[in-house]
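The values are calculated or read from the model by the stated rules, or taken from the named source; none is laboratory data. What you see is a predicted model, and the numbers here were worked out from it, not measured in a lab. Methodologically, a virtual Cβ is constructed for each residue, glycine included, from the backbone with ideal geometry; neighbour enumeration extends over all protein chains shown. The accessibility values were calculated without ligands, DNA or RNA, using every heavy atom of the protein model including side chains. Shrake-Rupley method; radii C 1.70, N 1.55, O 1.52, S 1.80 Å.
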Amino acid sequence: MRTLDRKLLRDLARMKGQVVTIALVVACGIASFVSALTTYESLRASQRAYYETSRFAQVFARLERAPASLAARLREVPGVAQVETRLVFDVSLDAGAGGPPAVGRMVSIPEGVQPALNALHLRAGRLVEPGRVEEVLVSEGFAGFHRLRVGDRLAAVLNGRRQDLRVTGVALSPEYVFAIRGGDPLPDDRGFAVLWTSRAGLEAAFDMAGAFNDVVLTLAPGVDDRAVIDATDRLLEPYGGIGAIARAEQPSHRFIEDEIRQNQTMATTIPPIFLGVAAFLLNVVLGRLVTTQREQIAAMKAVGYANATIGLHYLKFVLVVVLAGAVAGIVLGAGLGRLMLSAYAPFVRMPHLDFHMTAWIPLLAAAVSVVAAIAGAFGALRGVAALAPAEAMRPAAPRVYHRTLLERGGLHAWLGPRRLMATRNISGRPMRALLTSAGIACAVGIVVLSRWSHDAVGFMLDAQFRLAERGDATVVFADPVPPRGVRELAELPGVLRAEGQRVVAVQLRAGHRTYRTAILGLPADAELRRLLDANLRPIAPPPDGVLLTERLGERLGVKAGDEILVEVREGERPKRTVVVAGLVNDMIGMAGYMDGRALARLLREDERASLAAIAVDPRRAEELYGRLKGIGRVATVTEKVTALRAFEDTTASFILVFTAILTAFAVVIAVGVVYNTARIALQERAWELASLRVLGFTRGEVSRILLAEIGVQLVVALPPGMWLGYQASRGLARLHETEMFRIPVIVEPATYAWSAIVVLAAGLASALIVRRRIDRLDLVSVLKTRE
């Protein structure tokens, strides 16, 4: 073994505590990088494979009713490769579990064969027999929640008539990887079922013989979907088409794309913080190592070692530490990637959700760690090259101390000798103290960031489901009803209040910008569905004009007072220019709101209601929901608590995993920074501390001098760390914003308190370790060696 390599091993052994903590910080950074990328790769690979094998459609269109012969004209649209027409109806469904009826989406499939597009994957059972509307395949999520098996029965209201359904199989579809209805913010396996059944049976049940009301298409390679969508809309408009959408706007696909992009975002935002702290620690530790080995470096240069050889020796020290951390981080990241992927499994419905870690991920992780190592070591290596042998043979000049600001202010008597020593040492090396506090501030910021999503989502749910949507359930009518229908609903036992709402599919146009959404017409005195301003204060819908959500206003590039063109996508399809009356603070979805009477005037119809929000007496809820299941004009009923449970079963569980991982990583950073700071301070001041012991200072008094410096740096780091965490949360909120959600930047006081407690506890643990080393100082050996 070469001489310098033996020296390297001795240095690593002598500084093992610092080596381990730095390697752990590197491991955390690499683990967060690898876990996010592997989750991204695994979701993307599983999604791509499933879409290909199931022939997932690229364009989707809903309409009222069109003759089957129209399919031939759709096939003639330039760029269309394949067309499949279907029947799709939302029905009220009784799974026999009590509570409100579920929503069942019945989708026709060809007689006895798989659909040509959006093919089904059978988890259990068989396809339905031709012409048998009572036989259905059930979506896996709904079947799992309600413990449905092949042969079990359900009850549904089909076109006003109750129909018993028998489950012949459990299936998956690429169209419902997330079981989510259009307009709903989250998947809901409890309240939303997809039921595939015979086309002939649905034709008979809904009087749709020789017709269709839904169509899906695939395109030839390289074809622009926008041109195909425009042509499809022109063909379907006479038949009540509400506007075709591309795959990118399909609810399930959009949801999973948002999740995949968020993992990609995580891989580029969190790891740089860890690796930056690791580079800082490496710079401090290596700089300290070079300082303590000045005479050794001079001796090596004197006997003929070149600057490059000596620099490579110290670079090896850095690379060993960093590569050890990188290897541990890759292994840990693979485990965390599997954990994060398993958190998706309960609500991402694919035949296979397999973990993938392609070779480029660990290679890229190793390369990133090496770059961080070289960046951290650059300053110290430059110092090695600049060190002249003759100068290095002499001990480094002692630091020059000056009176601190506190002393100049006359407070030195109050400070006492021990505190005065601590403040002078900090002021003597302000840059080191500043960098140490910056490293600790990063740890504080990461703890704040780890809990921000929990605070923000809690605030968002409270604002949306308690301040804005105050009803207990939503009743959707099969067809819009006059005000009398809402009054009759309000008279049912268990209904405390009912408010009708008109929902109209529209396309909003502002200049060259367009967006397809819905406008909700609300009563002027609405209490169960309130609109909120930026300060969460309720505002009434204006008598004229339309209110837009803030994100929709940004999307269209409009503000209060501007005009937009409203193109209604149903009925007589009027087009009206409407003034934007203002913006509202809806954090879920992007829609428009109008006074119910104003919307009726825009549509040139009498006031009607598409749905009703109801307040329910909990003592009579079961009786009420039982009555609603038998009312023919009621299409679906959705209980608000169901949406909240859906969130808890999906996003909340993932947030908990994410929070736990980031908090653990933040503790590692805090320990790494504080421990290394304390160890370096002990090495630098061992002679001074030993001298104080000889002069009569006790072990406790000597320890407090050193630990006071660390305590000051910890306390100083807390405010900027909290500010840094808030700013990081703001940035992450922008990056995680999706079509359906705008996550607010809310950090509760408890989160700031928690971040301070976590970092201070890590600092205390590190201080106790250093205190033990101070107590075990060998005074004789320390005093014999003067740097």
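Restricting attention to region 1-56, which trypsin sites (Lys or Arg not before Pro) occupy a DSSP loop and are surrounded by at most 13 other Cβ atoms within 10 Å?
Of the trypsin sites (Lys or Arg not before Pro), the ones in loops of region 1-56 whose Cβ has at most 13 other Cβ atoms within 10 Å are Arg2.
Accessible area per residue for the chain is 43 Å², calculated with a 1.4 Å probe on protein heavy atoms, without ligands, DNA or RNA.
Would you work out if region 109-161 is rounded, prolate or oblate? Take a ≥ b ≥ c from the square roots of the eigenvalues of the alpha-carbon gyration tensor; rounded if a/c is under 1.5, else prolate when a/b is larger than b/c, oblate otherwise.
On the way: a/c = 1.76, a/b = 1.11, b/c = 1.59.
It comes out oblate by the Cα gyration axes.
What percentage of the solvent-accessible surface of region 110-203, computed with a 1.4 Å probe over protein heavy atoms, is contributed by carbon and sulfur atoms? Of the solvent-accessible surface of region 110-203, carbon and sulfur hold 45 percent.
When shorter helices are ignored and each DSSP H run of at least 4 residues is given -39500 (n - 2.57), the per-residue value for the chain at 222 nm works out to -17500 deg cm²/dmol.
If we count every other residue with Cβ under 15 angstrom of Thr3's Cβ, Lys/Arg +1 and Asp/Glu -1, where does the sum land? Show your work: numbers first, answer last.
Details: positive: Arg2, Arg6, Lys7, Arg10, Lys301, Lys316; negative: Asp5, Asp11.
Result for the neighbourhood of Thr3: +4.
Straight-line cross-link partners of Lys301 among the aspartates and glutamates, defined as a Cα under 19 Å from its Cα and at least 8 positions apart when in the same chain: Asp5, Asp11, Glu391. Other residues whose C-beta falls under 12 angstrom from the C-beta of Pro542 contribute a net charge of -1, scoring Lys and Arg +1 and Asp and Glu -1.
Once C-alpha pairs closer than 8 Å and six or more residues apart are averaged by separation and normalised to the residue number of the chain, the relative contact order reads 18 percent. Rounded to the nearest 20 debye, the dipole size of the chain about its Cα centre is 4020 debye, using +1 on the Cβ of Lys and Arg and -1 on the Cβ of Asp and Glu. Look at where the Cα atoms of region 40-62 and of region 140-205 average out, and the two centres are 21 Å apart.
Quick check: at a probe of 1.4 Å, how many percent of the accessible area of region 486-539 sits on carbon and sulfur atoms? The partial results should precede the final answer.
Details: 1170 of 2430 Å².
Carbon with sulfur: 48 percent of the solvent-accessible area.
Distance from the alpha carbon centroid of region 580-627 to that of region 304-328 works out to 67 angstrom. Cross-link reach is defined here as a Cα-Cα straight distance under 17 Å, omitting same-chain residues fewer than 8 places apart; for Lys559 the aspartates and glutamates meeting it are Asp533, Asp544, Glu550, Asp586.
The residues neighbouring His356, those whose beta-carbon lies less than 10 Å from its own, together hold a net charge of -1 under the Lys/Arg +1, Asp/Glu -1 convention.
The HN-Hα couplings worked out from phi for region 132-141 by the Karplus form 6.51 cos²θ - 1.76 cosθ + 1.60 (θ = phi - 60°) are 9, 5, 6, 9, 9, 9, 10, 4, 4, x Hz, whole numbers, x standing for Gly and Pro. Let me make sure I get this right: for region 164-239, a, b and c are the square roots of the gyration tensor eigenvalues over alpha carbons, sorted descending. Under 1.5 in a/c it's rounded, otherwise prolate if a/b > b/c, else oblate. Which is it? It is oblate, given that a/c is not under 1.5 and a/b is not larger than b/c.
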